[in-house]
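Taking it in order: structure first as structure tokens, then the write-up.
Each reported figure results from applying straightforward, stated rules to the coordinates on display, with no laboratory input. This is a predicted model, so every value here is computed, not measured. Quick reminder, even Gly has a Cβ in these numbers, built from the backbone with ideal geometry, and neighbours come from all protein chains shown.
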Amino acid sequence: MTRGRRWFFLFSLNVFVFTGMLLPTGGLTSAVAQESPSKKLGAPQESPIANGTGRLYIFRPIRSFGAHIDDYITVDGIPVHRLAPGTGFYCDLAPGEYVISVARHKTSPLRVSLAAGQASYVCVMLHPQGGVSPRGGALTSDQSFVVRKFEPEFGAQRAHQYPLTRETCKR
Amino acid sequence: MKPARIATLCLLALLMMSRVTLAQAQGPWWTWSTISGNWGGYRQSLADDGVVVSGSTIVDLLGNVSGPVRAFAPANASLLAIDADLEKLLDLKGLLVHTEFVANGGQNLSTKSIGNLLQVATAFAQPGYYLGQMFVQQKLLSDKVTLQMGRMTTANNFASLPAFADYVSFAVNPIPINLTSNTIYFTSLPAVQWAAVGTIAPTDWLAFAVGVYDTNLPSGLPFASRHGVDFSFQGSGGPMEVAQLTYTLNRGSDDIGLPGTYYLGGFYSGAAYSSLSHDDTRKGNYGFYLEGQQMIYRRGGLSSDVGLTPWISIAYTPQQSINQLPLLVMAGAVYHGLIPGRSDDNSAVGFYYGKISTSVPSGSGEKVVELDYTWWATPWLGITPDLQYVLTPSGRSSSRNAAVIGAQFQILF
């Protein structure tokens, strides 16, 4: 096959693959994961915080690499929710202090104080060591995580960019 | 043609897999973290048992829209990786086996139309399919020590600043291009060498890595590597040693300061190198690099990851008689979450200056300005419109500047 034909084949392949990927979702415009996902995804409205409890929002941003690396978020050592990039969850808890970490990965855990009627926003981020580019190789699955608490206003805005699942956190 | 066909079949298989699992996974398809999802729970089960599968493909669709030689060149780089966690599989604490398969296709716009040295598309590599990295990794002393041994690419451990991944140009992504183009053995995928790398991280903010790489010429050149399975060990004169000191600032959970990452590294290669101006060879090559990125403005208060991070990189390989690009100075800035409500997107601007060796007749320096915006349409699809302007390609005053526009697509499997 001539270089020109090979070139055309590769280009056609790319167009075909991308078209194929986008068709099931109804097109690129509907494939927007951010900005009011609850409306776009038809998720149930969040219920108000239960009396005498506080609410913990935990989410994970999107990153280029390491999307395949995930595990359960633990609250006081108890696994609650398997957190993939671009998703989050929330749960209501009695006022108190909680330690948030990621199961089976080296993690800098975060200690969060929760008051009644208060919401806390926690971001879980991959802390990659080594190459972060396809030409540098894939990240090995044993990467560490960092857990950070965001300020309320920004945290609320940020958490609601992702589809959120309601969970039950036990103590 | 064969590599392209194989890559096609792989992509179609993954596409079909994703459709099959459409009904099995939770949530709409576009909210999954990868395009192929969780394989109906099988992927997570495998991971829990110790086998983690990952993949990505990047497609660069770039065109030179200026000058008499206008051209368009697509390029594709795909990567499939399998991790076997032997701690889970065989109860061997801290031991992991990592294997990669790589497929590349397409054309190099820089050679096809522009004639420049700071290659514009990171997705382009010698077309073909390859066995990529294949190494064993052992972590010791509560992960303070990491030992890796096997077939490895240098960019996996050295000189790849996180901010570099936000650019389309191969001048900067994954490592300063002059480290690769001058030495050959300072590799990025699909080129790999036999290697051993040790990393000591006594604290969360400091790490020191040392690597020894074989300098087997066929193994280091993708087209000569027999699809990455040329396992011959004979070096071309002597091994290459690389060392890097890494300093990370404010990266912990309790740190409230602005985060930064800094690399200081150097290498020595004992291999023989061809002279640029004579027919002889010269044994040995060495160089240094200094790279740093530091967030200077943050929106959203303490701990937020939204804000402006400038970076700088200097890579210097002094021997002008054998190094075509002895000096590469690059600087830029990445704004993470510039548009409100789009906190995962990246805006990036960069300027690259490559000084041409004095041994190259009529060569001075090549400069590139790059502008990118990476829009994460879904967690598994990043689309990056890209603009590059190449000034004095190859450093020749007679060469015409080139404007390159296009886009990069990143898909995570």
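Sort B:Val197, B:Val145 by Cβ crowding within 10 Å, fewest neighbours at the top.
Values: B:Val197 24, B:Val145 15.
Listed from fewest to most nearby Cβ atoms, that is B:Val145, B:Val197.
Contact order normalised by length for chain B, with contacts defined as Cα pairs under 8 Å and 6 or more residues apart; what percent is it? Display every interim value, and only then the final one.
Details: 1146 pairs, mean separation 56.2, N = 413.
Computed value for chain B: 14 percent relative contact order.
Pairs of lysine in the protein assembly as shown with Cα under 28 Å and at least 8 positions apart or on different chains: total?
Here the count comes out as 20.
Would you mind getting me the FRET efficiency between B:Ile314 and A:Arg166? Use the beta-carbon distance for r and R0 = 35 Å, nearest 0.05.
Numbers: r = 50 Å, r/R0 = 1.44.
Approximately 0.10, to the nearest 0.05.
Treating only the Cβ atoms of Lys and Arg (+1) and Asp and Glu (-1) as charged, compute the dipole magnitude of chain B about its Cα centre; round to the nearest 20 debye. Each step should come with its number before you reach the end.
Working: 22 positive and 26 negative charges, 184 e Å.
With only Lys, Arg, Asp and Glu charged at Cβ, the dipole is about 880 debye.
Cα extents of the stretch B:136-408 along the three principal axes, largest first, in whole Å?
Here the Cα extents, ordered largest to smallest, are 59, 56, 31 Å.
Measuring from centroid to centroid over Cα atoms, what is the spacing of the stretch B:110-127 and the stretch B:281-295 in Å?
Between the Cα centre of the stretch B:110-127 and that of the stretch B:281-295, the gap is 22 Å.
Within a 10 angstrom radius of each residue's Cβ in B:53-61, how many Cβ atoms of other chains show up on average? Whole number is fine. Walk me through the numbers before you get to the answer.
Values: counts 3, 9, 4, 7, 3, 4, 6, 0, 3.
Per residue, the average neighbour count from other chains is 4.
Give me a single rounded figure for A:117-123: the average over its residues of other chain Cβ atoms within 10 Å of their Cβ. Could the numbers behind the result be given before it?
Details: counts 0, 0, 0, 0, 1, 2, 4.
Whole-number average of other-chain Cβ neighbours for A:117-123 is 1.
Using mean Cβ contacts within 10 Å as the protection proxy, how do B:182-188, A:83-89 order, highest first? If you can, show how the numbers build up before the last one.
Numbers: B:182-188: 26.0, A:83-89: 24.4.
Peptide ranking by packing, descending: B:182-188, A:83-89.
Calculated FRET efficiency, B:Thr281 and B:Asp230, Cβ-Cβ r, R0 25 Å, to nearest 0.05?
Details: r = 22 Å, r/R0 = 0.87.
Given R0 = 25 Å and the Cβ-Cβ separation, E is 0.70.
Specify the inter-centroid distance of the stretch A:74-137 and the stretch A:140-165, based on alpha-carbon positions, in whole Å.
About 7 Å separates the Cα centre of the stretch A:74-137 from the one of the stretch A:140-165.
Which of the listed residues, A:Pro134, B:Leu391, A:Cys91, is farthest toward the dipole's positive end in the protein assembly as shown, when Lys, Arg count +1 and Asp, Glu count -1 at the beta-carbon?
In the protein assembly as shown, that residue is B:Leu391.
Hey, got the average number of other protein chain Cβ atoms within 10 angstrom for residues in A:141-152?
Working: counts 13, 11, 0, 3, 1, 9, 3, 9, 6, 7, 5, 1.
Neighbouring Cβ atoms belonging to other protein chains average 6 per residue here.
Express in nm, to one decimal, how much length is gained between B:Lys88 and B:Leu141 on full extension, taking 0.36 nm for each residue of separation and deducting their alpha carbon distance.
Details: separation 53, 0.36 × 53 = 19.08 nm, distance 1.80 nm.
Length gained between B:Lys88 and B:Leu141: 17.3 nm.
Using a Förster distance of 22 Å, how high is the FRET efficiency between B:Lys112 and B:Tyr389, based on the Cβ-Cβ distance and rounded to 0.05?
On the way: r = 18 Å, r/R0 = 0.80.
Working from the Cβ atoms, E equals 0.80.
How big is the stretch B:38-162 along each principal axis, measuring the range of its Cα positions in Å and listing the largest first?
63, 36, 24
Taking the Cα centre as origin and putting +1 on Lys and Arg beta-carbons and -1 on Asp and Glu beta-carbons, what dipole magnitude results for the stretch B:275-368, to the nearest 20 debye?
Numbers: 7 positive and 7 negative charges, 37 e Å.
My answer is approximately 180 debye.
For the stretch A:37-166, what does the relative contact order come out to in percent, with C-alpha contacts under 8 Å and a separation of six or more?
On the way: 291 pairs, mean separation 39.4, N = 130.
Rounded, it is 30 percent for the stretch A:37-166.
Give the residue from B:Met330, B:Tyr185, B:Ala121 lying farthest towards the positive end of the charge dipole for chain B; charges sit on Cβ (+1 for Lys and Arg, -1 for Asp and Glu) and the dipole is referred to the Cα centre.
Value computed over the given set: B:Ala121.
Run the simple label-point estimate for B:Leu245 and B:Ala71 please: 7 Å along Cα→C-beta, distance reported in nm.
With each label point 7 Å from Cα toward Cβ, the separation is 4.4 nm.
If I model a spin label as a point 7 Å beyond the Cα along the Cα-Cβ vector, how far apart are those points for A:Gln45 and B:Leu46 in nm?
Modelled inter-label distance: 4.2 nm.
How many times 2.2 N^0.38 Å is the alpha carbon radius of gyration of the stretch B:303-363?
Working: Rg = 17.2 Å, N = 61, 2.2 N^0.38 = 10.5 Å.
That ratio works out to 1.64.
Taking only the alpha carbons of the protein assembly as shown, what extent do you get along each of the three principal axes, in Å, biggest first?
82, 50, 45
With +1 assigned to the C-beta of every Lys and Arg and -1 to the C-beta of every Asp and Glu, and no other charges, what is the dipole magnitude of the protein assembly as shown about the Cα centre in debye, to the nearest 20?
The dipole of the protein assembly as shown has a size of about 1020 debye.
Put +1 on the Cβ of each Lys and Arg and -1 on the Cβ of each Asp and Glu in chain B; which of B:Val229, B:Ile339, B:Val360 then has its Cα farthest toward the positive end of the dipole?
Value computed over the given set: B:Val360.
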